[in-house]
Each structure stands twice: as structure tokens, then as C-alpha cells.
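Note sheet for the following structure.
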Amino acid sequence: MFASRDESLEIDPQDTRLDVRRVEKIAKKIASAASRPWTIMEVCAGQTRTLLEYDLRRYLPEKLRLVHGPGCAICATPLATIDRAIAISQLENVVFCCSGELLRLKGSDCDLLEMKARGADVRVVHSPLDSLTLARKMPDKKVVFFTIGFETKVELNALSVWQAKRLGLKNFYLLYSHPCVSAVCSRVLRTVDTPVKGILSPGDVCSVTGTSEYERLSQKYGAPFVITGYQPFDLLEGILSCVKFLESGKSGVKSQYERAISRDGNQQAKALISEVFEVKDREWRGIGNVERGGYRMKSEFASYDAFSQFEVDVKSRADSPSCISNQILLGLKVPTDCPVFGNSCHPNSPQGATMVSNQGTCFTYYNFRHNHSA
Ligand code: SF4
């Protein structure tokens with residue numbers, strides 16, 4: 001039995017946003033390029049959403065299998081970090097800031113919106129720089145900015161911490177979850193019996209990081225990486241490039257955005273990030289420890305790190321034992337393989353990593369479950 005759903009996310013049969021003739025043309029090229037079965041992973045949640053929202057799989061040959069990757073930063077965030085956010089928001093003298101999407105993020109028992117309703121000073125802000133301004137205006141308060149995201153967000157958060165230090169602020173803190181996309185791609189390809197032969201990587205993250213790390217991974221695992229965007233044609237063209245790589249027996253990296261993405265990425269952003277953060281092993285919810293899987297604030301900036309500056313007692317519950325999100329995140333299974341998908345686990349009652357965020361694979365499957373191939 002399905003619970004309430006977000007109807008605004010369902011596909012409209014009259015939808016004319018997709019140029020079907022153009023889609024069919026690319027699909028035909030993919031079909032004639034693929035001589036045998038291949039499994040390709042689209043890593044990013046935004047790519048998965050496009051795939052399901054436009055039901056692109058119905059245009060693709062059956063021998064081509066797409067599996068959905070771990071590229072949702074909220075899903076990757078350990079439940080203990082969300083519980084820590086909720087605990088810090090309740091402390092006296094704390095002004096707790098975050099984006100609107102994090103307000104409804106479920107911790108073990110409740111969410112930040114509930115804390116706000118109970119009187120905690122929880123505020124929605126657009127960026128860490130808004131929190132920095134608040135910290136300057138309210139020197140007698142401790143202003144905490146809670147943030148989750150990949151490299152595109154790390155840059156701005158690094159800037160806020162760097163600026164706080166420059167201004168000599170003593171009441172600004174960052175509570176962050178910054179997983180690293182390339183590290184988890186490596187984890188996927190290292191998985192025993194992985195079916196994944198090629199990877200579609202997210203273009204926005206590569207605009208910061210560049211593509212050189214993917215060259216290393218491609219060589220190491222013999223798998224092609226294609227950097228794509230999020231529109232239906234971006235994905236389809238990415239799939240075509242990936243199939244061509246696979247059929248040729250070659251690995252390598254190809255970017256659909258050669259004008260916007262350079263091999264070395266945004267040097268200025270990378271320098272700022274590495275001044276404030278370092279790459280370390282970290283836990284991904286659902287997967288466990290990922291080697292060099294995320295960013296950690298450097299010790300020189302420890303006074304801005306909410307992990308070390310707030311002592312809170314957090315006891316997080318474990319995800320449901322029936323949850324198979326670890327296998328989904330690694331491309332071994334899809335949400336409909338889960339026995340509790342849409343039954344006891346749905347967006348209002350998430351039981352595991354891939355249902356907690358509206359970008360999670362299980363959430364996306366749930367919202368587009370009426371689409372033919374989902
Ligand atoms: S449907 Fe729920 S329990 Fe099943 S894999 Fe997804 S998140 Fe886990």
C-alpha cells in the first residue's frame with residue numbers, strides 16, 4: 001500500500017518537453033552501437049531523476065542496463081550527523097542555520113522543523129555567508145551553519161570559514177557533510193562482482209574538481225568515465241559515448257562539456273578548498289567506510305568545526321535490517337528489489353539511506369513509480 005505522494009513530480013502524459021524524435025534518433029544510435037549487454041551506472045541523483053522522470057529507459061535497448069549510483073550527498077550523510085545537528089540546535093545560545101531542504105531531514109527521532117516548533121532558534125538561510133553576517137551581528141550567540149553537499153558546496157563553505165578566520169570571529173561554526181564523488185566511484189568499481197562497466201559522472205562537480213582524477217580511476221579499473229549534465233539529451237549522449245568506449249574495449253574519460261570543464265578544474269576553488277579542508281576516509285550511510293571518501297576541516301580551522309566545538313550526546317538508531325540501500329548505492333540492486341519499498345518504507349517513513357532525501361534513489365523511484373519502466 002503506497003502512502004501519500006508528491007503528485008507534482010509525476011510524469012504528465014501530455015508533456016511535450018521531450019523531443020521524442022530526437023530521443024529516438026539517439027536511442028537508435030545507442031542500439032546499433034551496443035552489440036552485447038552492458039551495465040552503466042549514472043552516479044548522480046540528478047541524472048537518476050532525469051532518467052526516471054522522462055522514463056528514458058523505455059527508449060533504450062533491453063541489453064543496456066542502467067544502475068543508479070551513490071551520488072546523493074544527503075543520503076551519504078551518517079544518521080549520527082543529522083542527530084548531532086538536531087542536538088546542537090537545542091543548545092542554549094545557539095542560532096542554528098541551514099537551507100530549507102535540511103529542515104525536514106529525519107534524524108533518529110525527529111527533525112529540525114520539529115525543534116524549531118519546540119522553540120529552538122533554527123533559521124533558514126541561503127548560504128553560509130548569511131550565517132557569517134548573523135554571527136557578526138550577534139556576538140553573544142553561537143551561530144552554526146549546517147551544510148551537506150559535494151565539491152560545488154565545499155568551495156563556498158571553505159570561503160565562509162576562511163573569511164571567519166580573517167575577521168577574527170569566535171562565534172561561527174560549520175557542521176558539514178562533504179562526501180567526495182570520485183572516491184565513491186572507486187568504491188563502486190572495487191566492489192566484488194560489480195556489474196558496472198562504465199560510469200556517467202556529474203558535470204557540475206567536475207567543473208570544480210576537473211577530470212584528472214577520473215583519468216587515474218579509468219586506468220586503474222579499465223572503465224570509461226563520461227562526464228554529463230542532467231538534461232535528457234545530455235544523459236543519452238553520455239550513454240552513447242560510454243557504449244562506444246565499451247564496445248571499443250578502451251577505457252578513458254570524455255566530457256560533454258569540454259568548454260566548461262577542464263582537466264584540472266577550477267584552480268582557485270580547489271586552492272581555497274584545500275586551504276581549509278583535507279580529504280580523509282569517511283563513513284557513507286548505507287555503504288560504510290569509504291577510503292578518502294570526504295572532506296574534513298584542517299586542524300588550523302578546528303575552532304570553526306562544530307564537530308569538535310560542541311559536545312553533545314548522540315545515540316543514533318541503525319537503519320532497518322531489511323534495507324538494501326548498500327546494494328543499491330553500489331549498483332548491485334534497484335529499489336524495487338527491496339521487500340519493503342513502498343510498503344513500510346516510503347518518503348514519510350524512510351527506513352534507509354536512499355529514501356531519506358528527495359534526491360535518493362528509492363525516493364525517486366517512489367515518486368516516479370507510475371512511469372512505465374520505473
Ligand atoms: S526502500 Fe527503504 S528500506 Fe528499501 S532499500 Fe530503499 S531505503 Fe532501504
Exercise. Mind listing just one residue for me: the one in region 146-168 that is touching a residue at least 60 places away in the same chain (Cβ under 8 Å) and either assigned to a loop (DSSP other than H, G, I, E, B) or β-branched (V, I, T) (or both) and, of those, farthest from E291 (Cα to Cα)?
Key: V161
Self-check item: Residues that are charged (D, E, K, R) and within 21 Å of the chain's Cα centre (by Cα), drawn from region 311-348
Solution: D319, K333
Practice problem: Considering only region 108-139, state which residues are over 12 Å from S160 (Cα atoms), assigned to a helix (DSSP H, G or I) and small (G, A, S). | Solution: A117
Practice problem: Mind counting the residues in region 83-108 that are without any contact (Cβ under 8 Å) to a residue 40 or more places away in the chain and within 15 Å of K315 (Cβ to Cβ)? | Solution: 2
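Listed here are the residues, each with its yes/no results for (1) surrounded by 13 or more Cβ atoms within 10 Å (Cβ to Cβ); (2) touching a Lys or Arg at 6+ places or on another chain (Cβ under 8 Å).
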position	(1), (2)
S241	yes, yes
G249	no, no
G252	yes, no
Y257	yes, no
A260	yes, no
L272	yes, no
F277	yes, yes
I287	yes, yes
Exercise. For residues that are at pLDDT below 95 and among the aliphatic types (A, V, I, L, M), scanning just region 184-215, find the one that is nearest to G71 (Cα to Cα).
Key: V205
Quiz item: Out of region 197-207, which residues are surrounded by 21 or more Cβ atoms within 10 Å (Cβ to Cβ) and either free of Cβ contacts under 8 Å to residues at least 60 places away in the same chain or in a helix (DSSP H, G or I) (or both)?
Solution: G203, V205, C206
Quiz item: Considering only region 125-159, how many residues are surrounded by fewer than 22 Cβ atoms within 10 Å (Cβ to Cβ), over 17 Å from N93 (Cα atoms) and not acidic (D, E)?
Solution: 9
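Filtering region 216-233 down to residues that are touching a residue at least 40 places away in the same chain (Cβ under 8 Å) and part of a helix (DSSP H, G or I), which residue is surrounded by the most Cβ atoms within 10 Å (Cβ to Cβ)?
The qualifying residue surrounded by the most Cβ atoms within 10 Å (Cβ to Cβ) is P232.
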Quiz item: Given the structure, is D313 more than 23 Å from A45 (Cα to Cα) and either of a type in the set (S, T, Y) or more than 8 Å from the ligand (Cβ to nearest atom) (or both)?
Solution: yes
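Give the residues of region 356-373 that are touching a residue at least 24 places away in the same chain (Cβ under 8 Å) and under 17 Å from the mean Cα position of the chain (by Cα), sorted by residue number. Let's see the steps before the verdict.
Of all residues in region 356-373, those touching a residue at least 24 places away in the same chain (Cβ under 8 Å) come to 356-362, 364-373.
Of everything in region 356-373, those that are touching a residue at least 24 places away in the same chain (Cβ under 8 Å) and under 17 Å from the mean Cα position of the chain (by Cα) turn out to be V356, S357, N358, Q359, G360, T361, C362, T364, Y365.
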Quiz item: Is at least one residue of region 135-149 under 26 Å from R282 (Cβ atoms) and touching a His at 6+ places or on another chain (Cβ under 7 Å)?
Solution: yes
Exercise. May I ask you to list the residues in region 319-374 that are within 10 Å of the ligand (Cβ to nearest atom), part of a helix (DSSP H, G or I), farther than 22 Å from W38 by Cβ and not hydrophobic (A, V, I, L, M, F, W, C)?
Key: S325, N326, T354, Y366
Quiz item: In region 282-337, which residue that is in contact with a Gly (Cβ under 6 Å, 6 or more places away or on another chain) and among the charged types (D, E, K, R) is farthest from A73 (Cα to Cα)?
Solution: D319
Self-check item: Residue among S303, S308 that is without any contact (Cβ under 8 Å) to a residue 40 or more places away in the chain and either within 16 Å of the ligand (Cβ to nearest atom) or not in a strand (DSSP E or B) (or both)
Solution: S308
Quiz item: With respect to S322, is the statement that it is farther than 21 Å from S89 by Cβ, modelled with pLDDT of 95 or more and out of contact with any Asp or Glu (no Cβ under 8 Å at 6 or more places or on another chain) true?
Solution: no
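The values are calculated or read from the model by the stated rules, or taken from the named source; none is laboratory data. Because the structure is predicted, anything quoted here is derived from the model rather than measured. When we count neighbours, we look across all protein chains shown, and the Cβ atoms used for this are built from the backbone with ideal geometry, even at glycine.
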